[in-house]
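A single structure is presented below for examination.
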Amino acid sequence: MDPATRRLIEAIHAAPFQCVVAVTGGGTQAVAKLLDVAGASRTLLEAITPYHARALDDFLGFSPTSYCSVETSVALARRAHARASWLAPGESVIGLGCTASLVSDRPKRGEHRFHVATHSELGSICCSLTLDKGGRDRESEEAVVDAAIFNALAAAFGIVERVEMPLLPGENMVRESVDAQHPLAQLLQGNLANVCVEADGQFQTHAKRPTTLVAGSFNPVHRGHWQLAEAAARRTNGSVAFELSILNVDKPPLKAEEVRLRLTQFAGRADVWLTRAPTFAEKANLFPGVVFVVGADTAIRLVQPRYYCGGENAMIVALAGIRERGCRFLVAGRVGSSGEFVQLEQLEIPETHRDLFTPIPAAECRIDLSSTALRGTAQSSVVAGGDADD
């Protein structure tokens, strides 16, 4: 292995990313080189080589029109990314797919070529090259594929360094952005204010607006959240969805991998609206007329000036805006930090804002746990062996 390639692979292994690599028709030598350099276990989650057509069909879940194409390479990268997200939930992961048609032991009528694609939550990038047919032997063509794979990983990992591409005169790499418009990518980049993720996992940018929303961080989802949804459905006589903001007033934005991880908790059970609205005033702007379902702890924070940057004036403006947009709150009692069960009737809600809040009787819904407590229990278990939207 030449020194420049080794240095780049070392930089890849040192980056805070992990990946799954899926290659067919070429690229296996690149995988071997990645494994030859110390630190591969920090980077490479899995390497897959679905070489036979049937194996490739099985891995992708469909039969591609062309087995060596931009579309198939991108499909491989997406599938590899999904696999990486499952293997390393919550981590920053990349999927890489490579399809190649190189020198073999029999003449090929078509061009010698390859396509290397990477996929993340921000989209797909594919680099393609048509090789000078007859200009290289198999080993030399593989060397070009190797360099393209290393450079693609470096680009996806945010590494500046590249290895030189051993191109012949007349050969030119073509780089194209294939899927930079995924709704989650657009939401994370701030190009979308909200997107609905349906129970079957489909992202919809023009879904029908919900009438009732359970807002939360859902880290993790617990039975209290489901009880809230069930009680709200009975009270409003309609369907209930959940809302998760990727932005938080006093915490860093959620990463794409963390969003995906939290969404898996709702798979097959409920729709989730992803938003960039950390406050209820902002949520009301997105969902006029909606009924927000909250616990008593959240309700009290809504009417306490100290939770607003501008104090009492900011609180009055925010609540007035929520009322103007036709929104209101269904409030369930829950156990407070002192261990006492607190209901809406016990809260000091200013008379001017009391009409915004309707209680859910304890007989219908009683929340005796929180995500914060569950996280603490989980962390304690590991050692041994709230937010407003808990």
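The values are calculated or read from the model by the stated rules, or taken from the named source; none is laboratory data. Keep in mind that this is a model prediction, so the values were computed, not measured. As a convention, Cβ positions derive from the backbone with ideal geometry for all residues, glycine included, and neighbour counts pool all protein chains shown.
So, in region 158-180, exactly how many residues are out of contact with any strand residue (DSSP E or B) (no Cβ under 7 Å at 6 or more places or on another chain) and of a type outside the set (D, E, K, R)?
Taking region 158-180 as the starting set, the residues that turn out to be out of contact with any strand residue (DSSP E or B) (no Cβ under 7 Å at 6 or more places or on another chain) are 158-170, 172.
Narrowing further to those that are of a type outside the set (D, E, K, R): 158-160, 163, 165-170, 172.
Residues that pass the stated criteria total 11.
For region 180-194, which positions are under 23 Å from ILE125 (Cα atoms) and touching a helix residue (DSSP H, G or I) at 6+ places or on another chain (Cβ under 7 Å)?
LEU184, LEU188, LEU192
I want to confirm something. Restricting to region 350-381 and keeping residues that are at pLDDT 85 or above and either charged (D, E, K, R) or touching a Cys at 6+ places or on another chain (Cβ under 7 Å) (or both), which single residue is farthest from GLY326 (Cα to Cα)?
GLU351
Taking the conditions exactly as written (under 15 Å from GLY295 (Cβ atoms), of a type outside the set (Lys, Arg), buried (at least 18 other Cβ atoms within 10 Å of the Cβ) and at pLDDT below 95), does LEU347 satisfy them or not? Full working, then the answer.
Values: under 15 Å from GLY295 (Cβ atoms): yes; of a type outside the set (Lys, Arg): yes; buried (at least 18 other Cβ atoms within 10 Å of the Cβ): yes; at pLDDT below 95: yes.
Yes; evaluated as a whole, the condition is true for this residue.
Output the residue which, of all residues in region 232-253 that are of a type in the set (Gly, Ala, Ser) and buried (at least 21 other Cβ atoms within 10 Å of the Cβ), is farthest from ASN191 (Cα to Cα).
Selected residue: ALA232.
Being in contact with a Pro (Cβ under 9 Å, 6 or more places away or on another chain) and either more than 17 Å from VAL116 (Cβ to Cβ) or aromatic (Phe, Trp, Tyr) (or both) is the filter here, so list the residues in region 58-85 that pass it.
Once the filter is applied, which keeps residues that are in contact with a Pro (Cβ under 9 Å, 6 or more places away or on another chain) and either more than 17 Å from VAL116 (Cβ to Cβ) or aromatic (Phe, Trp, Tyr) (or both), region 58-85 yields ASP58, PHE59.
Hey, another quick one. Within region 203-212, is even one residue at pLDDT 90 or above and small (Gly, Ala, Ser)?
Yes, region 203-212 contains a residue that is at pLDDT 90 or above and small (Gly, Ala, Ser).
Okay, moving on. Please find, within region 117-166, the residue that is farthest from the chain's Cα centre (by Cα) out of those that are on the phi > 0 side of the Ramachandran plot and surrounded by fewer than 17 Cβ atoms within 10 Å (Cβ to Cβ). Please lay out each step first, then the result.
Initially, region 117-166 is screened for residues on the phi > 0 side of the Ramachandran plot, giving 123, 134, 158.
From the residues that got through so far, the ones that are surrounded by fewer than 17 Cβ atoms within 10 Å (Cβ to Cβ) too are 134, 158.
On the way: GLY134: 44, GLY158: 18 Å.
It comes out as GLY134.
With the requirement that a residue be more than 26 Å from the chain's Cα centre (by Cα) and under 12 Å from PHE150 (Cβ atoms), what does region 5-30 give you?
To start, the set of residues in region 5-30 that are more than 26 Å from the chain's Cα centre (by Cα) comprises 5-10, 24-30.
Answer for region 5-30, where residues must be more than 26 Å from the chain's Cα centre (by Cα) and under 12 Å from PHE150 (Cβ atoms): THR5, ARG6, ARG7, LEU8, ILE9, GLU10, GLY27, GLN29, ALA30.
Any chance region 351-361 includes a residue that's of a type in the set (S, T, N, Q) and assigned to a loop (DSSP other than H, G, I, E, B)? Steps first, answer last, please.
Quick first cut of region 351-361, residues of a type in the set (S, T, N, Q) only: 352, 358.
Checking which are assigned to a loop (DSSP other than H, G, I, E, B) leaves us with 352.
The answer is yes, given that some residue of region 351-361 is of a type in the set (S, T, N, Q) and assigned to a loop (DSSP other than H, G, I, E, B).
Rundown of residues vs (1) polar (S, T, N, Q); (2) under 18 Å from LEU244 (Cα atoms), yes/no style:
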site: VAL291; (1), (2): no, yes
site: GLY295; (1), (2): no, yes
site: ALA299; (1), (2): no, yes
site: LEU302; (1), (2): no, yes
site: PRO305; (1), (2): no, no
site: ASN313; (1), (2): yes, no
site: GLY321; (1), (2): no, no
site: ALA332; (1), (2): no, no
site: VAL335; (1), (2): no, no
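Consider region 226-275. How many of its residues are charged (D, E, K, R), assigned to a loop (DSSP other than H, G, I, E, B) and modelled with pLDDT of 90 or more?
Residues of region 226-275 that are charged (D, E, K, R), as a first pass: 230, 234-235, 243, 250-251, 255, 257-258, 260, 262, 269, 271.
So of that shortlist, the ones also assigned to a loop (DSSP other than H, G, I, E, B) come out as 250, 255, 269, 271.
Restricting the remaining residues to those that are modelled with pLDDT of 90 or more gives 269, 271.
Final tally of qualifying residues: 2.
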